[in-house]
Amino acid sequence: MLALALVACGQTIDATPDGGVGAIDAAPVPARRLERLGEPGRTLVFEEETELAVRLLDGDGLPLAGEAVRFVFDGRAHDSTLSSVDARTDAAGVATTGLVAGTTRAAFRVRASAEGADAVFFDVGVSDRGFGQLAVTLSYEGERTATTRGAGVFADTLCEDEVTTLGRGDRFRVQPPDGEPIGFVGLAAGVSYAVVGRLEGPEGDVLARGCVDGVEVEAEGRAEVEVALEDLPLTPRGSYAGEIHFEPGDTTALSVEQADALRELADETAATLMLDSIEAQLLAAGAVGAAEAVSDARTSDDLDGRWGEALAREGVGPAEGMKALAALLEERLQQVEVRGTLRVAEDETVSLLEGRVRVGAIDGELVSLDPARTGLEIEAARVDARVEDAGERLVIEALRLNLPLSWLVRAVVLEEAGEERTRRALLAEWGGCGDLPTDAVLEGRCDAVCLEAACAEVSTALLASLDAALMGLDALRGEVVLAGEVALEDASADLLVDTMDAVLEGAWTGEAATSPDRFDAELAATRIAPPP
């Protein structure tokens, strides 16, 4: 029988059969423990018998009698057998089973376990041609962080055989902390082994692996093999809560320019338009004389100019409402954020589910645009994308957000108006339509209600003009298109992508755009659902 530490070519291989304590075995020390009795490794010729014994101790190191211990094969034992699977400890805390070697060369382990104690293992080799040892060196150039690095051997197996992907191996050893080669002793000579190296995460998920087959050991000899590990593909499939954030420059300026242009128009024409409305109200009410008096004053006494100057002095009127609206757009459209769900399907196609929009100043708190109130919600869309580099990179060729400028501006104003007001009411309030100065000609002919109605009517007309102007710009600013590379990260070391992160090239553009508004957009997404 070979010793557990064999010296060959001046080098000693540490061959503790259970492979040391890896991440999977690392747990709080239990109150009870199993210890192996006798040699932890057994090398048997065909049909040879041996006894495997363990002792169960309590937390104080005292033997426990009458406790159940279970012995099972770990790896492929072929025709080797155990005399019993279940055993009971005797007065000395000892439980035993018999192992009978078969007539098939094999390398496997026998696992002994008891409730409340860590399992222990016996390495077993069965051969009619002697036994040798194997030193395995693992090489890895990737960047994944593993909690367990080790190698397993599969007897009479090729790397292409499915069994090499289903378990750790007939024997498995964890790499020593000092990075020395992984040592296997007592391996049956005359057997062709597949040697599989593995990087494992905290839950045992294989993050990287490599395999070399056709490896043989000679009786009393030592073989060496190097296994190169390659990262296994990450799994991006699933749903992610995503945020896309960007700062539109030219587009914000466009919307503000439209509001400013209407404000300038209102500065020049608001008094005239309001007096037109007042005359129409008086005529509709049958006050023909009052309407004629207002008309005469406008013709002979420059009522339009005089009252326009009064509105400007008081800082009220439709022009002030448009001024406040322009300021709102300039502030709220400094940054735009779209929150939605990104979904990666089984075939790795990517789609964006309905998203919500938030807007705000650069250093301010973002304001959510409630779809129920504003009617603004990003439509679901397929994303032109592909997964590359073993699932570690998502290349987005085009992520399209249907976001016409007119829709966004309307939603911003509606959100500011809240549940109790309309956009018209908000603009009238900003313009101080309820607190307008009067004129001697208007006194007794158009009361406060009449004045407010005229102001509101003009404000409504200005709002309609803004809507029309912005709708005309939708052909230039109808959608946001994003493209670039997204880094995918497996933070939990289970081969599932947990987060996405990227700075994408963005453009607010449209079917008639010749100079899109270009910017960088930040994308961040976190997994919210497992793969389908």
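The values are calculated or read from the model by the stated rules, or taken from the named source; none is laboratory data. Fair warning: this is a prediction, and the values are worked out from it, not measured in the lab. We place every Cβ from the backbone using ideal geometry, glycine too, and count neighbours over all the protein chains shown.
Observations
- Some residue of the stretch 185-197 being in contact (Cβ under 8 Å) with a residue 60 or more places away in the chain and within 30 Å of MET500 (Cα to Cα): yes
- Within the stretch 401-415, being surrounded by 18 or more Cβ atoms within 10 Å (Cβ to Cβ) and not aliphatic (A, V, I, L, M) holds for PRO404, SER406, TRP407, ARG410, GLU415.
- Being of a type outside the set (Lys, Arg), surrounded by fewer than 15 Cβ atoms within 10 Å (Cβ to Cβ) and either modelled with pLDDT of 90 or more or part of a loop (DSSP other than H, G, I, E, B) (or both) holds for only one residue in ALA241, ALA223, and it is ALA241.
- Search result, residues across the stretch 201-245 that are under 30 Å from ALA502 (Cβ atoms) and among the acidic types (Asp, Glu): GLU203, ASP205, GLU230, ASP231, GLU243
- Any hit, the stretch 226-246, residues being over 34 Å from the mean Cα position of the chain (by Cα) and in contact (Cβ under 8 Å) with a residue 40 or more places away in the chain: yes
- The single condition among (1) of a type in the set (Asp, Glu); (2) surrounded by 14 or more Cβ atoms within 10 Å (Cβ to Cβ); (3) at pLDDT below 90 that GLU379 does not meet is (2).
- Hits in the stretch 28-81 - residues which are in a loop (DSSP other than H, G, I, E, B) and of a type in the set (A, V, I, L, M, F, W, C): VAL29, ALA31, VAL45, PHE46, LEU62, LEU64, ALA65, ALA77
Listed here are the residues, each with its yes/no results for (1) surrounded by fewer than 22 Cβ atoms within 10 Å (Cβ to Cβ); (2) within 27 Å of ALA219 (Cα to Cα); (3) touching a Cys at 6+ places or on another chain (Cβ under 6 Å); (4) not assigned by the TED database to the domain that holds LEU199.
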residue	(1), (2), (3), (4)
PRO40	yes, yes, no, yes
GLU47	yes, yes, no, yes
LEU56	no, no, no, yes
VAL72	yes, no, no, yes
HIS78	yes, yes, no, yes
LEU82	yes, yes, no, yes
THR103	yes, yes, no, yes
ALA114	no, no, no, yes
ALA119	yes, no, no, yes
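- Answer from LEU399, LEU408, LEU436, LEU427 - the residue that is over 24 Å from ALA469 (Cα atoms), in contact with a helix residue (DSSP H, G or I) (Cβ under 9 Å, 6 or more places away or on another chain) and touching a residue at least 60 places away in the same chain (Cβ under 8 Å): LEU436
- Going through (1) under 38 Å from the mean Cα position of the chain (by Cα); (2) outside any helix (DSSP H, G or I); (3) free of Cβ contacts under 8 Å to residues at least 60 places away in the same chain; (4) surrounded by fewer than 17 Cβ atoms within 10 Å (Cβ to Cβ) one by one, ALA372 falls short only on (2).
- Test: residue in the stretch 150-167 that is β-branched (Val, Ile, Thr), under 25 Å from GLU392 (Cβ atoms), part of a loop (DSSP other than H, G, I, E, B) and assigned by the TED database to the domain that holds GLU203: no
- Search result, residues across the stretch 105-139 that are among the aromatic types (Phe, Trp, Tyr) and farther than 22 Å from VAL54 by Cβ: PHE131
- Among (1) farther than 20 Å from ASP79 by Cβ; (2) surrounded by 22 or more Cβ atoms within 10 Å (Cβ to Cβ); (3) out of contact with any Leu (no Cβ under 8 Å at 6 or more places or on another chain) - the single one THR148 does not satisfy: (3)
- Subset of the stretch 343-369 that is of a type in the set (Val, Ile, Thr) and part of a strand (DSSP E or B) - its residue that is nearest to ILE244 (Cα to Cα): VAL357
- Residues of the stretch 199-213 classified as in contact with a Leu (Cβ under 8 Å, 6 or more places away or on another chain) and either modelled with pLDDT of 90 or more or in a strand (DSSP E or B) (or both), total: 8
- Filter result for ALA188 (under 30 Å from ARG55 (Cβ atoms) and surrounded by 20 or more Cβ atoms within 10 Å (Cβ to Cβ)): yes
- Restricting GLY66, GLY61 to residues that are at pLDDT below 95 and farther than 30 Å from ARG198 by Cα narrows the list to GLY61.
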